[in-house]
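Reading through the structure tokens given below for one structure.
The values are calculated or read from the model by the stated rules, or taken from the named source; none is laboratory data. As the structure is a prediction and not an experimental result, all values here were calculated from the model. FYI the Cβ positions are ideal-geometry reconstructions off the backbone, even for glycines, and counts take in every protein chain you see.
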Amino acid sequence: MTGLGAQSDIERFRAVICRRLGLHFEDAKLGFLNDVMQRRLEKLRRTSGDYLQELEDKTANGELSPLAQDLTVPETYFFRNIEQFRAFQEVVLPERMRVRGSFKALRFLSAACASGEEPYTLAIVVKETIADPTWDVSIRAVDINPAVLEKAKRARFAPWALRETPADAQRRWFRPEERGMVLDEAVRTAVTFEARNLAVEDSELWQPASYDAVYCRNVMMYFSPEQARALVSRIARSLMPGGYLFLGHAETLRGLSDEFHLRHTHGTFYYQRKDGPERICLTSDNVVPRATPVTNEITVLAEGWVETIRQASERIEALVSAPVIERRPEHSLPSSWDLTGAFDLLRSERFGDALAHIRRLPAGASGDPDVMLLEATLLAHGGEYTAARITCQRLLAADELNAGAQYVLALCHEGLGDSNGAIEQHRVAIYLDATFAMPRLHVGLLARQIGDLGLARRELGQALSLLKHEDASRLLLFGGGFNRQALVALCEATLRDCGGQS
């Protein structure tokens, strides 16, 4: 590591990177930022004051590309997250061809395309899907780094870049040359590469209704929340009505935008702009519950998850010395309505009384998101699964990316004995909020039940880590009356039963 620069210089460096590139770094990354800045100063033979001033005054625009390269690590290969390309091939292309049939033209954008593997994969999928040569399909690929764009244009790749490429696609679209693989000319010419900065307004790149689908994967994870919201707004503007957006597998639009529907097919998540032709929302909530509940020595799903936890807790009672009910959460859930009485009843596991309490609130309360979520949770705890689902759907109509509502829908699947549907619905909640402990706990318990011990160990391990830091108000709402200690002890005991270490 090079010598540590002045703290004020590092803070200025962080601020200008955020403003000009959209990249956000926490305090823990200040040492990394210092290393990058020192390397650039040594290479350019500049003082930190002059260098930072030029970045701030926008007189060093040519410096943005090498900075972006040093500050991000673009890992890319053909058919990365192949489930997304299957959804693109089997859902997006057929639908957009139906919508655009009178024009026979499709437009796609690969944002932050790096060395080209992503847009070239799109081109391969298009060529293997659309047999009619009269269709006009264009694929635009942009990145801030001219060096990687030049590499993309050469279209020569190491065999490692094809590690997820189906064998027939390798044979059809690549030829070996020396120690690399060269892409077929028909695919190369289908993609146009340009240098663009996604962190700034660009009226030409983001023209209204320009694209049928945008791939913008593993970009916003580097952006500040403000820059991410601005980028999503530009993408939404540039998509045609009903156009699609693909993000990285760990990225969501939760808290960033309400302009998209969440889609879940092919084992992956993606988004569709809301003001397009409506399709059925293919989330796991469309799975038809099985009529016969599944039982075993740990879980009786038909009796509801609260009873499941209660039964399991009998085995670990000796591990929990504190009372099962947390009487005072660290803080209460925000709401426009006074829900104190309902939560007091919830703490005492008087679910029916709590439900009656919130139903006595003024008529306007029924449309409040917090009231709807509490009502749906109480209905699920009481076994009123149809009513709980209806309430969740009302909430999701207003806030489609509400992880709590997706979680309650999963409880309804559990209550109806639909293990597979419950697991898939819990995955939606996990995708929307990776810090949400309860759906991971449930997936672990369900996986243990159906004998998938690997999945059980993985999810229970994640749940155990998250439960120790889970917000107390969320435990109160979703914990079924059981406190942090009881849930942690259950998680540890089940993890040991599955052959894991707690």
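Quick look at the numbers
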| read-out | value |
| --- | --- |
| Residue identified as among the aliphatic types (A, V, I, L, M) and either touching a Lys or Arg at 6+ places or on another chain (Cβ under 8 Å) or crowded, with 22+ Cβ neighbours inside 10 Å (or both) among A422, A397, A434 | A422 |
| Unmet requirement for E54, which otherwise passes all of (1) in contact (Cβ under 8 Å) with a residue 12 or more places away in the chain; (2) surrounded by 15 or more Cβ atoms within 10 Å (Cβ to Cβ) | (1) |
| Some residue of segment 395-411 being farther than 30 Å from E259 by Cβ, under 19 Å from the mean Cα position of the chain (by Cα) and assigned to a helix (DSSP H, G or I) | no |
| Only one of P94, P133 that is more than 17 Å from G248 (Cα to Cα), at pLDDT 90 or above and either of a type in the set (K, R) or in a loop (DSSP other than H, G, I, E, B) (or both) | P133 |
| Boolean, E414 is closer than 24 Å to A376 by Cα, in contact with a strand residue (DSSP E or B) (Cβ under 8 Å, 6 or more places away or on another chain) and either outside the structural domain of T386 (by TED's automatic domain parsing) or charged (D, E, K, R) (or both) | no |
| Lone qualifier among V142, V137 - being surrounded by fewer than 22 Cβ atoms within 10 Å (Cβ to Cβ), among the aliphatic types (A, V, I, L, M) and under 28 Å from the mean Cα position of the chain (by Cα) | V142 |
| Condition met for L205 (of a type outside the set (K, R), in contact (Cβ under 8 Å) with a residue 12 or more places away in the chain, in a helix (DSSP H, G or I) and touching an Asp or Glu at 6+ places or on another chain (Cβ under 9 Å)) | no |
| Residues (modelled with pLDDT under 95 and buried (at least 17 other Cβ atoms within 10 Å of the Cβ)) located in segment 101-112 | A112 |
| First in segment 158-183 and free of Cβ contacts under 8 Å to residues at least 24 places away in the same chain and more than 20 Å from V126 (Cβ to Cβ), second anywhere and outside any loop (DSSP other than H, G, I, E, B) and small (G, A, S), Cβ under 7 Å, 6 or more apart | A158/G180 |
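Listed here are the residues, each with its yes/no results for (1) touching a helix residue (DSSP H, G or I) at 6+ places or on another chain (Cβ under 8 Å); (2) farther than 29 Å from L247 by Cα; (3) crowded, with 17+ Cβ neighbours inside 10 Å; (4) modelled with pLDDT of 85 or more.
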residue: L4; (1), (2), (3), (4): yes, yes, no, no
residue: R12; (1), (2), (3), (4): yes, yes, yes, yes
residue: C18; (1), (2), (3), (4): yes, no, yes, no
residue: L44; (1), (2), (3), (4): yes, yes, no, yes
residue: S65; (1), (2), (3), (4): yes, no, yes, no
residue: V73; (1), (2), (3), (4): no, no, no, no
residue: T76; (1), (2), (3), (4): yes, no, yes, yes
